[in-house]
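K.L.:
One structure coming up, written as structure tokens, with questions to follow.
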Amino acid sequence: MAQRTTREMYLGEGSGTGSRHLQVNFGPQHPAMHGIIRILAELDGETVVRGDVEIGYLHRAFEKECEVGPYATAIPFTDRLNYVSPLINNFGYASAVEKLLGIDLTERCEYIRVIMSEISRICDHLTCIGASAMELGAVTVFLYMIKAREFLWELVEDVTGARLTISYGRVGGVKADLPEGFAAKVQKAFKETREVLDEVHRLLTGNRIFIDRMVGVGVLSAEETVAYSITGPLLRAAGVGYDVRRAQPYWAYDRVEFEVPTQKGADNYARYLVRMAEMEQSMRIVERAFADIPGGPINVDFEGRPIDPGAYVDRGKQGKTDGLLLIPITLSPNLQGQNRAALERVNAADKRVVLPPKETTYGSIEGLMNHFMLLMDGYGIRPPVGEAYFPVEGANGELGFYVVSDGSDRPYRVRCRPPCLPPLAALHRMLEGGMVADVVPTFGSVNMIGGELDR
Amino acid sequence: MDGSRIIERLRERFATAIVETGSQWRDHTAVVDRAAVREALEFCKTNPELSFDMLTDLTAVDYLKFPGREDRPRFEVVYHLYSLPHNHRVRLKVGVEEDDAVVPTAVGLWPIANWFEREVWDMFGIRFDGHPNLRRLLMYEEFEGHPLRKDYPINRRQPLIGPRN
Amino acid sequence: MGLGAFFATKLDEAIGWARKYSIFQYPFVTACCGMEYMATACSHYDIDRFGAGLTRFSPRQADVLFVVGTISHKMAPVLKRVYDQMCEPKWVVAFGVCTCTGGFYDNYATVMGIDTIIPVDVYIPGCPPRPESVIDGLMKLQDRIAAGAQRY
């Protein structure tokens, strides 16, 4: 009888029975699974033989909810899709509906959308790199990245009023213009962010341990990446320079100069480098956009004193509407950036779609009717019958919104093409053949966002 | 390549199988007969002038409550294709009847179709002929029904499932 | 007799004080609220100053279950199992309105409030709650912990 090996003794296998693979379940609730996902890994020793990925734990029926309400109701739902870069989702959906309606945006609005999208993209990459570095043990990097993200969230809060779920985009424009002094605040926040990125570069990029854990791990060849229709940083890390902002420019991306960073490695380290480079490019885009943005700072010149809103409405009710629309009123600070001049600068001049500013709503009967018709059930935004697909460059890749309209005020079908679904479908290819300790960094570099994946 | 020329190529190759074509807002669409859809997708992928190497999206639309489409098939499976070398897009659609909701699978051409088709099965109940592993993707296994169909009410509750072993 | 009761209550208070300043939370993070949870836990709005800095990523080692983010029907059994795996004394914080009442996701896929599944001690509403709300909720939780109140 053959001598039993130590392995057979410990695993209780006799000769002839062979060895069995160990099934290890990552998740669905697991600290390294950002959000919730289940990876059922079959291990042979330390090597992952099979990795079965199961998703759907955060399915919140986004597409069905969009069919319930009018077009504007879908915007808060789009916030929660990719919740680390919510502005891009808002604007993507709004652009798809604008494409159906055939609306052109004002130039200032296009620049604002670019600026806010890029700030959102930086937040997403900060969160991704921070979280995946934390899982490798570099907790300091996580704290630094979140600190930088707080600076950017303060900017977002200044413009939109909220930090995370902002509902800022509107069909036809944006909710309000940028506040005064925003360019200076952005400069300050970017200076701090650049310092943080510099520190992280010094901590991670040349770090022996980081390189050993990330280089050559989670490799997915360029052909397979394309075959799995993976886009975004993962595709660019494989050498294919496809970026929707370059290939099919939208908003103001054709007027703003930027580079599309690519790497050749197609492994986790290459993806990390691409994301770091993209953050720098995003900051450059925002700075160039501020240089080119038309309209300048909001400086409403008016002659005469502004009047109190109550007095304004009273005058309108009394019928003293002569020249009423020209008088500026002091709006509540909550409505900053929504006074008539600012709103007309950033929203398309399309009455079927865009809510009139408050002065017009309360100061004239046409404004009131317009407002009423846009909000009344059964009326509202009614695109012509048809369908439209609008791709934007989300932080993870091509985020597409496919909207089907039947002519009524409710969308017939809203489909969000999630950019992080293809990488997860290909995740088993990245994991198989690697070690069990590589599951976590690979999964982190894929940047799965549950809201977008499961919708 | 210009979108209308893509449609022309498709028409040349699959004359009768193209049910209708359209181009709205710079999106070029071709509705293909179900019998020819596998060939059409393969043609789109392999033809060097088209070379649609990326299947960006595979989804479906339920036209049950759409006004004016009562005589047409209930479902439509929609393929969004993109070509990296030529940087052009096309949308292919296949009409699917309610009682014969089967479509040939695209898994052999683009591996990502595996998950997209599972999602369509989960949400709409359209089967894909030849799919290796057609099970639910987003909902749990015990779920009954196909939620994105128009006749599934949005807030129908199903009994809570208990912990599995 | 009175002296024994005095020491017993002082002991209870001491235990409550120790427990409330050494919260080992298990962040059951699912969705967008997780971002605000991360923001609250990190340097800007530090929760480490409340003694809640160390997240125990195992239910066996945790005493407070922070349910952060929407719970869907697919996830609910997992939540129940994680809750069952925790040892007493344990508390549950429903973080975000999706866990309190389901939020605006009134549909086939969402559990309308986790208190249909597990008992909840503190509800922190908000979508997502601002870090100040989270800290307020945490302080209320600390009051409950110090008082020794349990719900199970």
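K.L.:
Could you list C:F104, A:F26 so that the one with the fewest beta carbons within 10 Å of its beta carbon is first and the one with the most is last?
P.N.:
Fewest-to-most Cβ neighbours within 10 Å comes out as C:F104, A:F26.
K.L.:
Check the straight Cα-Cα distances from B:K45 and name the aspartates and glutamates below 20 Å, setting aside those fewer than 8 residues away within the same chain.
P.N.:
A:E223, A:E224, A:E398, B:D2, B:E8, B:E12, B:D27, B:D33, B:D53, B:D57, B:E117, B:D129
K.L.:
Next up: If one puts a single equal scatterer on every Cα of segment C:1-140 and applies the Debye formula without solvent, what log₁₀ I(q)/I(0) results at q = 0.20 Å⁻¹?
P.N.:
With no solvent term, the Cα-only Debye profile gives -1.16.
K.L.:
Got a sec to turn the phi values of segment A:173-180 into Karplus ³J(HN,Hα) couplings, 6.51 cos²θ - 1.76 cosθ + 1.60 with θ = phi - 60°, whole Hz, x for Gly and Pro?
P.N.:
x, 10, 5, 8, 6, 5, x, 5
K.L.:
Using a simple charge model, +1 on the beta-carbon of Lys and Arg, -1 on the beta-carbon of Asp and Glu, nothing else, what dipole does segment C:2-147 show about its Cα centre, in debye to the nearest 20?
P.N.:
320 debye
K.L.:
If each residue's Cβ is checked for other Cβ atoms within 10 Å, how do A:S229, C:S43 rank with the fewest at the top?
P.N.:
C:S43, A:S229
K.L.:
State to the nearest 20 debye the size of the charge dipole of segment A:309-375 about its Cα centre, where the only charges are +1 on K and R beta carbons and -1 on D and E beta carbons.
P.N.:
40 debye
K.L.:
Run the numbers on chain A and let me know its relative contact order in percent, using alpha-carbon pairs under 8 Å that are six or more apart.
P.N.:
25 percent
K.L.:
Here is a further query. Choose one answer from C:M112, C:M86, C:M75: the residue with the largest mean-square fluctuation in a GNM of chain C with alpha-carbon springs under 10 Å.
P.N.:
For chain C, modelled as a Gaussian network with Cα springs under 10 Å, the answer is C:M75.
K.L.:
Would you list A:L43, A:L58, A:L427 from fewest to most Cβ contacts within 10 Å?
P.N.:
By the 10 Å Cβ count, ascending, the order reads A:L43, A:L427, A:L58.
K.L.:
About the Cα centre of segment B:3-129, what is the dipole size in debye to 20, counting +1 per Lys and Arg Cβ and -1 per Asp and Glu Cβ, all else neutral?
P.N.:
So the magnitude is around 440 debye.
K.L.:
Could you compute the FRET efficiency for C:L54 and B:F43, with r as their C-beta to C-beta distance and R0 at 56 Å, rounded to 0.05?
P.N.:
That pair, C:L54 with B:F43, gives E of 0.40.
K.L.:
Relative to the longest principal Cα axis of chain A, at what angle does helix A:365-375 sit, 0 to 90 degrees, rounded to 10?
P.N.:
Rounded to the nearest ten degrees, it is 20.
K.L.:
Another question, then. Rounded to the nearest whole Å³, what is the per residue volume of the convex hull around the Cα atoms of the protein assembly as shown?
P.N.:
So the per-residue hull volume is 210 Å³.
K.L.:
In addition: Counting pairwise Cα distances across segment A:180-279, what percent come out greater than 18 angstrom?
P.N.:
Here the long-distance tail beyond 18 Å is 59 percent of all Cα pairs in segment A:180-279.
K.L.:
Normalised by the number of residues in segment B:3-129, what is the relative contact order in percent for Cα pairs under 8 Å and 6+ residues apart?
P.N.:
23 percent
K.L.:
Using the Cα atoms of chain B to build a convex hull, what is its mean projected area in square nanometres?
P.N.:
With the hull built on Cα positions only, its mean projection is 11.4 nm².
K.L.:
Among all the lysines, which ones have a C-alpha under 30 Å from C:K140's C-alpha, if same-chain residues fewer than 8 places away are not counted?
P.N.:
Counting by Cα, and skipping residues close in sequence, C:K140 has these lysines nearby: A:K147, C:K10, C:K20, C:K80, C:K90.
K.L.:
On a 0 to 90° scale, report how tilted helix B:113-124 is relative to the longest principal axis of chain B, with both axes built from alpha carbons and the result rounded to the nearest 10.
P.N.:
Its long axis makes an angle of about 50 degrees.
K.L.:
Hey, another quick one. Restricting to DSSP H runs of at least four residues, report the calculated mean residue ellipticity at 222 nm for the protein assembly as shown, -39500 (n - 2.57) per run over all residues, nearest 500 deg cm²/dmol.
P.N.:
It lands at -11500 deg cm²/dmol.
K.L.:
Okay, next question. Remind me, what semi-axes does segment A:309-375 give for its equivalent ellipsoid, largest first in whole Å, using sqrt of 5 times each Cα gyration tensor eigenvalue?
P.N.:
Calculated on Cα positions only, the semi-axes equal 19, 15, 10 Å.
Rule-based calculations on the coordinates, nothing more; no lab input. In this text, all values refer to a predicted model and were calculated from it rather than measured experimentally. Cβ atoms come from the backbone with ideal geometry, glycine included; neighbour counts cover every protein chain shown.
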